[in-house]
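Coordinate-derived values only; no laboratory data. Note that the structure is a prediction, hence the values are computed from the model and not measured. No Cβ is skipped: glycine too gets one built from the backbone with ideal geometry, and neighbour counts run over all protein chains shown.
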Amino acid sequence: MLRISSLTKYFAKGTINEVTALRSVSLTVRPGEFICVIGSNGSGKSTLMGCVSGTYAPDEGSIVLDGVNVTDWAEHKRARQIGRVFQDPLSGTCASMTIEENMALANRRGLPRTLKSGVTKKEREYFRSVLSQLDLGLENRLQDSVGLLSGGQRQSLTLLMSTLLKPTLLLLDEHTAALDPKTAGLVMDLTREIVEKEKLTTVMITHNMQQALSFGRRLIMMHRGTILKDFTALEMRSLTVEDLLRKFHVANPNVRDSAVTDRMVLA
């Protein structure tokens, strides 16, 4: 379980450029939930995810993961419990290393570094086995540099690597936004398959509201560092994209349509 309490985050605090990215945000994510987070640009979605993963230190509030307060933990200390996939397919892997070397790093995430050989025979067979589930032929390309892969292949690999150790929490930060529609669909299908098979607690940021309604089992709508709406699975069944836009504007009558639909896309 993830419990976020009264989380506040400032950037450039105390200067004329001060920005309040999160304003006393509280959120509880129950085990096995798949939550989608939507919102306009600058709503605080990625900052919230950054605070949970340890990229940013919150100014106020607390983050508790599986009963342990991790608010002050460094990002690398949380890495074994939290898997994360970024928007940019280049961010989750090392292009100059081979597929098996990247997977070995993911498989040893959070463990002490030793002088043992880079990839063991046992690991190589395990990597070949799990890669075959992607049906992309990567199990036969273990020695290939990751830099040779397409964006979709690389993002699929990153997703697999982030869930290799079955994390307590999986964070997906617009992980299909940089892909073409067909590839994005394939990666989302893979996401659903892995999340359901491993029963992973998942938080996914997306600007695609149709995607959020189709894949999420709970929907969080954010704006200007706060949570506007928290829709349950039952409430989501009857929602449409138009409903979401209408509910957003009811809560924020002074916000122009363009400020919302700029990145909160319809499909």
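The 3J(HN,Hα) values that the Karplus relation (6.51, -1.76, 1.60; θ = phi - 60°) gives for segment 88-94 are, in residue order, 7, x, 7, 7, x, 9, 9 Hz. Gly and Pro appear as x. Taking packing as the residue-averaged number of other Cβ atoms within 10 angstrom, the listed peptides 153-163, 95-105 run from highest to lowest as 153-163, 95-105.
The charge dipole of the chain, taken about its Cα centre with unit charges on the Cβ atoms of Lys, Arg (+1), Asp and Glu (-1) only, comes to about 540 debye. Modelled this way, with points 7 Å down the Cα-to-C-beta line, the labels at SER214 and SER145 are 3.5 nm from one another. In this structure, the amide hydrogen of GLY39, modeled 1.01 Å from its nitrogen in the peptide plane, lies closer than 5 angstrom to those of MET222, counting only residues at least 5 positions away or on a different chain. Taking amide H positions as modeled 1.01 Å from N, with prolines and chain starts lacking one, the residues under 5 Å from THR201 and 5 or more places away or on another chain are GLY32, LEU170.
Exposure proxy ranking for THR20, THR240, based on other Cβ atoms within 10 angstrom of each Cβ and starting from the fewest, stands as THR240, THR20. Cα centroid distance between segment 115-152 and segment 50-85, in Å? Cα centres, segment 115-152 to segment 50-85: 29 Å. How high is the FRET efficiency between GLU193 and THR55 when r is their beta carbon distance and R₀ equals 41 Å, given to the nearest 0.05? Here the calculated transfer efficiency is 0.90.
Counting 0.36 nm for each residue step from SER5 to LEU105 and taking away their Cα separation leaves a gain of 32.8 nm. Annotation for ALA12 and THR28: the two label points, set 7 Å from Cα along the Cα-Cβ direction, are 3.8 nm apart.
In order along segment 26-32, phi translates into HN-Hα couplings of 10, 7, 10, 10, 7, x, x Hz, rounded to whole numbers, per the Karplus curve 6.51 cos²θ - 1.76 cosθ + 1.60 with θ = phi - 60° and x for Gly and Pro. Each residue in PHE86, PHE11 was given a count of other beta-carbon atoms within 10 angstrom of its own, and listing them fewest first yields PHE11, PHE86.
Going from the residue with the fewest nearby Cβ atoms within 10 Å to the one with the most, HIS175, HIS76, HIS223 rank HIS76, HIS223, HIS175.
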